[in-house]
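The values are calculated or read from the model by the stated rules, or taken from the named source; none is laboratory data. Since the structure is predicted, the reported quantities are computational estimates derived from the model, not experimental observations. Virtual Cβ from ideal backbone geometry, glycine too; neighbours counted across all protein chains shown. Only protein heavy atoms, including side chains, enter the accessible area calculation; ligands, DNA and RNA are left aside. Shrake-Rupley method; radii C 1.70, N 1.55, O 1.52, S 1.80 Å.
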Amino acid sequence: MQRALSTLLLVHHRLTSVWLDRIWDAGIPLVEIFCARQHLDYHDRAQVAELGHWFRDSELKMHSMHSPLYSDDVWGRSGPNAVVSITESVKSRRMQAVDEIKRVLDIAETIPFGYLIQHLGVANEEYSDRAVDAAFSSLEEISVFARQRGVEVLLENIPNALSSAERLLMFLEATHLDLNICFDTGHANMKEGVETAYRLLKPRIRSTHVHDNNGAEDSHLFPLSSDGGTVDWPRAMDALRSASHQYPLLLELRDPEHIGHLVDAAKAVFERLENLRPADES
């Protein structure tokens, strides 16, 4: 499996070519950029153009872009209107969210990427038919806009009542949207469990988010190196390696304050995961 790294790990830093060079120098050939405006301000044409120029001359490839969770640069602390949710029941606010996501997709004209990773609602959101209808309307528009730019929208399993593995399959069957999946190990650990969720979603998985947690808090811990993680990594890696078509092993980690060299720490996680023996040999 190819190594890939989400820049969520670096989200408290402005994304510059310095960080991208460090990722490439660590032997990581693919990157997913996490869209948070304090990190990548997708409204800032100068920052996008600067990164586009760097990518044109670099061997590091942009695998995917993570859709924004907030429209501000302070993690939504500016108020509830900053939340970017495609399940928003108020049409005017939902259209604002869709427009925000379109701004991200426009980056593909400067920096080509294959996938947009999209959440269905927000963390801990309850199930409702109105939310499903809102998501369907939003995704119809976003998917067309994305395809025109050579991008495929992937839905991510997240810890809410709309986006467990089973609920995602129900949503796709009900709406007839032909969308695939970004499989998140940490979120699966909080819902059905990694192996069960993987088995349900396997035919549609096109990318991954790999991280750990305690089964209750979405802490994006470093696999095999952080206290409190409960994912069975030998079994999880057996599952991830089982697909005939291969997606990358994409780490989506949160910056732990006690680690200084973030990219080197991520590289060490890749090495530990890749060196795991099959679960039946452990």
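In segment 241-254, which residues are under 14 Å from Asp212 (Cβ atoms) and either hydroxyl-bearing (Ser, Thr, Tyr) or surrounded by fewer than 20 Cβ atoms within 10 Å (Cβ to Cβ) (or both)? Matches in segment 241-254: Arg254 only. Determine which single condition Asp255 fails, assuming it passes every other condition in (1) within 19 Å of the chain's Cα centre (by Cα); (2) over 28 Å from Asp25 (Cα atoms); (3) not aliphatic (A, V, I, L, M). If we test Asp255 against (1) within 19 Å of the chain's Cα centre (by Cα); (2) over 28 Å from Asp25 (Cα atoms); (3) not aliphatic (A, V, I, L, M), just (2) comes out false. Within segment 87-130, the only residue that satisfies the criterion of being over 18 Å from the mean Cα position of the chain (by Cα), of a type in the set (A, V, I, L, M, F, W, C) and outside any loop (DSSP other than H, G, I, E, B) is Met95. Restricting segment 50-90 to residues that are farther than 28 Å from Leu249 by Cα and touching a residue at least 40 places away in the same chain (Cβ under 8 Å), the residue that is least open to solvent (accessible area, probe 1.4 Å) is Thr87.
Going through segment 255-275 one residue at a time, which ones are open to solvent by 50 Å² or more (accessible area, probe 1.4 Å) and at pLDDT 95 or above? Within segment 255-275, Asp264, Lys267, Glu271, Arg272, Glu274, Asn275 meet the criteria. Report yes if Gly27 is closer than 21 Å to Ser138 by Cα and either part of a loop (DSSP other than H, G, I, E, B) or touching a residue at least 60 places away in the same chain (Cβ under 8 Å) (or both), otherwise no. The answer is no for Gly27. Applying the selection to segment 1-49, what residues are at negative phi, among the small types (Gly, Ala, Ser) and open to solvent by 20 Å² or more (accessible area, probe 1.4 Å)? Once the filter is applied, which keeps residues that are at negative phi, among the small types (Gly, Ala, Ser) and open to solvent by 20 Å² or more (accessible area, probe 1.4 Å), segment 1-49 yields Ser17, Ala46, Ala49. All conditions in (1) assigned to a loop (DSSP other than H, G, I, E, B); (2) without any contact (Cβ under 8 Å) to a residue 60 or more places away in the chain; (3) under 19 Å from the mean Cα position of the chain (by Cα) hold for Asp218, with the sole exception of (2). Across segment 204-221, the number of residues qualifying as surrounded by fewer than 22 Cβ atoms within 10 Å (Cβ to Cβ), touching a strand residue (DSSP E or B) at 6+ places or on another chain (Cβ under 9 Å) and not polar (S, T, N, Q) comes to 3.
In segment 229-245, the residues that are closer than 15 Å to Phe270 by Cα form Cβ pairs under 6 Å with partners that are hydroxyl-bearing (Ser, Thr, Tyr) and part of a loop (DSSP other than H, G, I, E, B), at six or more places apart or across chains, as follows: Pro234/Ser282. Among the conditions (1) in contact (Cβ under 8 Å) with a residue 12 or more places away in the chain; (2) open to solvent by less than 60 Å² (accessible area, probe 1.4 Å), the only one that Lys191 does not satisfy is (2).
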